[in-house]
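Quick note: the coordinates plus some simple rules give every number you see, no bench work behind them. Keep in mind that this is a model prediction, so the values were computed, not measured. Please note: Cβ atoms are built from the backbone with ideal geometry, for glycine as well, and neighbour counts cover all protein chains shown.
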Amino acid sequence: MATKTPIQELQPYLQENWKEAAFDSLTPVQKEMLPFMLERKDLVVESPTGTGKTLAYCLPLLDKIDSLSTALQAVVIAPTKELVMQIHSVLQEYAKGSNITGTTLIGGVNVQRQVEKLKKKPHYIVGTPGRILELYKNKKVKLHEVKTIVVDEADIVYDMELMDEVQNIVKGTMKDRQLVFVSATISNKAEEIAKEWMNTPHFIKISRDTEERESIANIYLISERRDKIDNLRRIIRHHSNMKAIVFFGANLKLEEIAAKFAYRGITVGVLSGQATKQERQKVMREFRSSNHALLLSTDLAARGLDINGLTHVIHFDLADSEKQFIHRSGRTGRAGQTGTVISLVTEREENVLLKWAKKLNMPAEKAVIKQDQLLPASQIQQKPAKKRNPRKSTPQRSGNFIKKKGK
């Protein structure tokens, strides 16, 4: 008798929605995660961005929900508003054909509206830690029947110092609930927390295979800080169909930089932490619908974003850490698509970038700009230095008198 695949173990409506999505097969992380998720085991999962982690926990999470019950049964925690909305969108898509309902709980939104949605008894919630905890403390969210809690981008949640909020949420659930951490990178500290909170957790670590790594070109350009804006403009001019996120350090005025590009007819969006939910949604909607666009962003604002068809990731400022470099770069070349990572680095930063590239098995190729063309440095022939005639000794002037050398 043939063994069932993990998808065949799911409820019929999920199998139907999977067929509709027309995926060829499960990704490696989905193959690993689904059986453990269906057995309600605690998990810590490290897998690169774009490898299918969201679907790997969304499918079994929905599968275990009893739609006849009015209790809240699953909670997904994410560090940013955009990631919350993306996860909710996936859950809605795969809940089609069932009576399962859910809602989002994020900061910066009218609390009373969220309370009204909670009165409709959603089966799952997706939210940021602070808002979920706030509503739980105010007795608007009841966690005592929650079966599964997923913390997406767990490492980022830790970096943002939100683990205390997560811990208080977890404490409000059943002792035998399933707890899952997923992230592109899992730090030692996050692992320690997992061991402390979880019941005999299973650890899954997936790395990009050779084929996936080869689908991402990793190139860099030596550029002093004062030249970066001009070099970025020249790179954009060279790529007529570029759809890119450009990552900046936290202290730059991105609106001013965006204005320098907008007049060239390029759709330029700015994603900043200060923007309202409506402003951020508008920026993302316009960016997603455009074929040639730039999204200027800080790391905080772009955390967890999943954008189809992203051709480039540009590091205007080099990431602060290898982990941050992975999170940024993983936004292109997703799900088998090709992508390009371009880093604008100073001479001092070059060695840091090359060290990361070697460790991550993402060979970095040096490039130069010639006549607005971005070309591999290896293709540019260095002109031989011209031979100079020996300089004749020059008389030295002292006051109003000329003294010859050696005299």
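Descriptive notes on the structure:
- Top positive-direction residue, dipole computed over the chain with Cβ charges, set 257, 315, 68: 257
- Placing +1 on each Lys and Arg Cβ and -1 on each Asp and Glu Cβ, with no other charges, gives the chain a dipole about its Cα centre of roughly 2720 debye.
- Gained length - residue 350 relative to residue 195, 0.36 nm times residue gap less alpha-carbon distance: 52.1 nm
- Straight-distance candidates among the aspartates and glutamates for linking to residue 137, with alpha-carbon spacing under 20 Å and chain neighbours fewer than 8 residues away dropped: 116, 145, 161, 164, 165.
- FRET efficiency, residue 338 to residue 278 (Cβ-Cβ, R0 45 Å, nearest 0.05): 0.85
- Extension reserve of the residue 121-residue 164 stretch, reckoned as 0.36 nm per residue once the Cα distance is removed: 12.9 nm
- Placing dummy labels 7 Å off each Cα toward the beta-carbon, the span from residue 202 to residue 92 is 3.2 nm.
- Within the listed set 20, 93, 134, the Gaussian network model of the chain (springs between alpha-carbon atoms below 10 Å) gives the highest mean-square fluctuation for 20.
- Each helix, a run of at least 4 DSSP H residues, gives -39500 (n - 2.57); summed and divided by the residues of the chain, these come to -10500 deg cm²/dmol at 222 nm.
- The simple Förster model, with R0 at 51 Å and r as the Cβ-Cβ distance, assigns residue 224 and residue 7 a FRET efficiency of 0.45.
- Built amide H within the under 5 Å cut-off of residue 223, gap 5+: 345, 346, 347
- Under-5 Å amide H pairs with residue 217, H placed in peptide plane, nonlocal only: 339, 340, 341
- Radius of gyration over Kirkwood radius for the chain, both on Cα atoms: the Rg/Rh ratio is 1.11.
- Residue 250 versus residue 188: modelled label distance in nm, points set 7 Å from Cα along the beta carbon direction: 2.4
- Kirkwood Rh in Å, taken over all unlike Cα pairs in segment 33-180: 15.2
- In segment 210-379, the alpha-carbon atoms span a convex hull of 117 Å³ per residue.
- Comparing 275, 368, 130 along the charge dipole axis of the chain, the residue lying farthest to the positive side is 368, per the Cβ-charge model.
- Note on the chain: GNM, Cα springs under 10 Å; of 276, 148, 54, the largest mean-square fluctuation is that of 276.
- Amide H to amide H distances under 5 Å link residue 181 with 43, 44, 45, 151, where only residues 5 or more positions off or on other chains count and H is placed in the peptide plane.
- DSSP beta bridges in the chain [antiparallel fraction, %, rounded to 5]: 10
- Only lysine pairs 8 or more places apart or on separate chains count here, and in segment 210-379 those with Cα atoms under 19 Å apart total 12.
- Options 352, 29, 329, ranked by Cα towards positive dipole end of the chain, top entry (Cβ charges): 352
- Just checking the listed ones, 85, 160, 33: in the Gaussian network model of the chain with Cα springs under 10 Å, the one fluctuating most is 160.
- Between residue 71 and residue 38, the FRET efficiency from the beta-carbon distance, with R0 = 25 Å, is close to 0.80.
- Segment 106-244, Rg to Rh (Cα coordinates; Rh as Kirkwood inverse mean 1/r): 1.12
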